[in-house]
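Worksheet for the structure shown next.
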Amino acid sequence: MRLNVLLIRSTAVAALGGLLFGFDTAVISGATHALTELYNLTPGSLGFTVLIALVGTTVGAFGASIPGERIGRRDSLRVVAVIYLISALGSALAWNWYSLLFFRFVGGIGIGASSVLGPMYIAEVSPAHLRGRLVGFFQFNVVFGILLAYFSNYEIGLLGLGADEWRWKLGVCAVPSAIFFLLLFGIPRSPRWLAERGRVPEARSVLENIGELDVQKELQEIVASVDTELSLKNEPLFQKRYALPIFLAFSIGMFNQLAGINAILYYLNDIFAHAGFSKVSGDLQSVAVGGTNLLFTMVGMSIIDKVGRKVLLLTGALGTAAALGGVAYIFATQRHQSLLVWLLIGYIAFFALSQGAVIWVYISEVFPTRVRAKGQSLGSFTHWAMNGIISGTFPLVAAYSGASPFVFFSAMMVLQFFVVLFIYPETKGVSLEAMQKRMEAAS
């Protein structure tokens, strides 16, 4: 398959769900201080304000496979776009803390669903030799959305909007949500989903239009995979033959959050404030961290199909462990605070290069077609459930001991290094059908 306009457009549009995912994830960092003052939040209630979106994210991730299978990946993404729009407008117009919690929960559903449906759609329209980079574009947009959120917070903070500043910060996401919804009307359905529904001529047409060179061969592989799936229509995910891919999806989702990435992104302004930086300075340094995240995600995407997923994960585990150890030292000794931003930038660089670029690609590759939707939901559910636990408890633990969370995160990265080294298989350059056979043989 060669790259053509429709393939690029389909990937770019589906990956816009990742941009909204990233924006909605990080934008709360610019509002935590204002919300704490407005609603007299304790560290526990602030943690719950962040956590409630992650509860919604977990629900969205675990339930996304249902509409994904019934109405298709593309049409489900349209529903996700509407959810994002409702959440942004509702959060901006929230009349009390409880209404804010509700709309953050709704937004979380959108984040969780897009984290499953976006990579799934892209993986199913991509050729094996480009799949890592194309699915990785979803992660690029997640990171770009995080950077946009930090930059948006910084710019809105300079406008002098007073007590309503946080409303503008949370509400601005309505604009890209509406654009995402409209653009989804210009991309085709997944050819794998069409074949699964018996709409083989339509699947053939999509393959031809997205530039597949050997349409007949690719269609035969898809149909054969779908036939196997239909023979096991109600195939349960949790069985011995899927033990390895289940472990891989569960562990990569778990370790992704045990690195502390989202806890740090959500509370980045508070971390800088705790280290003595002003509000504007903290906002600006958050932009620097977000820019580093974007740059090294691009590096990771550019080499993921060359060096492989496993090498990136191993490199990232060592780098993030070292950087987090340095952050823990600063908070434990209250010395060398000037190095904090550099250590966080180093941490973000290693994370983005490895786990950030790999997670959604890897989860989309390790499951066979007949349980791929369920498997991706499991991986995403694990990711967001762990995110909720860590992000909800981070303010409490950090209030007790600023260094403790970072010591824990660093130790988890050391553990991940050995798990990846001894258990994870390499998936680069392997077709989804061939990967299915390998996983079943290894389980």
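Residues of the range 9-44 being assigned to a helix (DSSP H, G or I), over 21 Å from Val172 (Cα atoms) and free of Cβ contacts under 8 Å to residues at least 12 places away in the same chain, which ones?
Glu37
Go through (1) open to solvent by 50 Å² or more (accessible area, probe 1.4 Å); (2) over 17 Å from the mean Cα position of the chain (by Cα) one by one and return the number of the condition Val215 breaks.
(1)
State yes or no: is Lys310 in a helix (DSSP H, G or I), touching a Phe, Trp or Tyr at 6+ places or on another chain (Cβ under 8 Å) and basic (Lys, Arg)? Break it down into steps so the answer makes sense when it comes.
Numbers: in a helix (DSSP H, G or I): yes; touching a Phe, Trp or Tyr at 6+ places or on another chain (Cβ under 8 Å): yes; basic (Lys, Arg): yes.
Yes.
Looking at (1) part of a helix (DSSP H, G or I); (2) in contact with a Pro (Cβ under 8 Å, 6 or more places away or on another chain); (3) of a type outside the set (A, V, I, L, M), which one does Phe367 not meet, given that it meets all the others?
Only one criterion in (1) part of a helix (DSSP H, G or I); (2) in contact with a Pro (Cβ under 8 Å, 6 or more places away or on another chain); (3) of a type outside the set (A, V, I, L, M) is unmet by Phe367, namely (1).
Restricting to the range 76-95, give me the number of residues that are in a helix (DSSP H, G or I) and touching a residue at least 60 places away in the same chain (Cβ under 8 Å).
Taking the range 76-95 first, the residues in a helix (DSSP H, G or I) are 76-92.
With touching a residue at least 60 places away in the same chain (Cβ under 8 Å) added as a condition, the list becomes 77-78, 80-82, 84-85, 87-89, 91-92.
Number of matching residues: 12.
Tally up the residues in the range 26-62 that are buried (at least 24 other Cβ atoms within 10 Å of the Cβ) and closer than 18 Å to Leu148 by Cα, please.
5
Take the range 329-361 and flag every residue that is more than 15 Å from Val143 (Cα to Cα), touching a helix residue (DSSP H, G or I) at 6+ places or on another chain (Cβ under 7 Å) and surrounded by fewer than 23 Cβ atoms within 10 Å (Cβ to Cβ). Please lay out each step first, then the result.
Quick first cut of the range 329-361, residues more than 15 Å from Val143 (Cα to Cα) only: 329-344, 346.
Going one step further and asking which of them are touching a helix residue (DSSP H, G or I) at 6+ places or on another chain (Cβ under 7 Å), we end up with 330-331, 336-337, 339-341, 343-344, 346.
Answer for the range 329-361, where residues must be more than 15 Å from Val143 (Cα to Cα), touching a helix residue (DSSP H, G or I) at 6+ places or on another chain (Cβ under 7 Å) and surrounded by fewer than 23 Cβ atoms within 10 Å (Cβ to Cβ): Ile330, Phe331, His336, Gln337, Leu339, Leu340, Val341, Leu343, Gly346.
Can you say whether Ala332 is assigned to a helix (DSSP H, G or I), over 29 Å from Ser401 (Cα atoms) and at pLDDT below 85, as far as the supplied structure shows?
no
Each row is one residue, and each column tells you yes or no for (1) more than 30 Å from Gly110 (Cα to Cα); (2) loosely packed, with under 14 Cβ neighbours inside 10 Å; (3) at pLDDT 80 or above.
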position: Val397; (1), (2), (3): no, no, no
position: Gly402; (1), (2), (3): yes, no, no
position: Pro405; (1), (2), (3): no, no, yes
position: Ala434; (1), (2), (3): yes, yes, no
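Restricting the first residue to the range 109-133 and requiring it to be under 19 Å from Val82 (Cβ atoms) and touching a residue at least 12 places away in the same chain (Cβ under 8 Å), which pairs with a second residue that is among the small types (Gly, Ala, Ser) and in a loop (DSSP other than H, G, I, E, B) meet a Cβ separation below 6 Å and a spacing of at least six or different chains?
Close Cβ pairs satisfying both conditions: Ala113/Ala64; Val116/Ala64; Leu117/Ala64; Tyr121/Ser190.
Taking interchain pairs and intrachain pairs at least six residues apart, which have beta carbon atoms under 9 angstrom, with the first residue in the range 305-327 and at positive phi and the second of a type outside the set (A, V, I, L, M, F, W, C) and open to solvent by less than 10 Å² (accessible area, probe 1.4 Å)?
The qualifying pairs are Gly308/Gly132; Gly308/Thr427.
Considering only helices (runs of 4 or more DSSP H) fully contained in the range 97-211, which possess at least 1 residues that are within 18 Å of Asp24 (Cα to Cα), open to solvent by less than 10 Å² (accessible area, probe 1.4 Å) and modelled with pLDDT under 90? Outline the logic, then answer.
On the way: elements: 97-125, 128-157, 165-171, 174-183, 191-196, 200-209.
By residue number, 97-125, 128-157.
Of the conditions (1) open to solvent by 10 Å² or more (accessible area, probe 1.4 Å); (2) more than 16 Å from the chain's Cα centre (by Cα); (3) within 18 Å of Leu265 (Cα to Cα), Ala92 satisfies every one except a single condition; which number is it?
Checking Ala92 against (1) open to solvent by 10 Å² or more (accessible area, probe 1.4 Å); (2) more than 16 Å from the chain's Cα centre (by Cα); (3) within 18 Å of Leu265 (Cα to Cα), the one that fails is (3).
The values are calculated or read from the model by the stated rules, or taken from the named source; none is laboratory data. It should be emphasised that the depicted structure is a prediction, and the values quoted were computed from it without experimental measurement. As a convention, Cβ positions derive from the backbone with ideal geometry for all residues, glycine included, and neighbour counts pool all protein chains shown. Remember, those area values only see protein heavy atoms, side chains included, never the ligands or the DNA or RNA. Shrake-Rupley method; radii C 1.70, N 1.55, O 1.52, S 1.80 Å.
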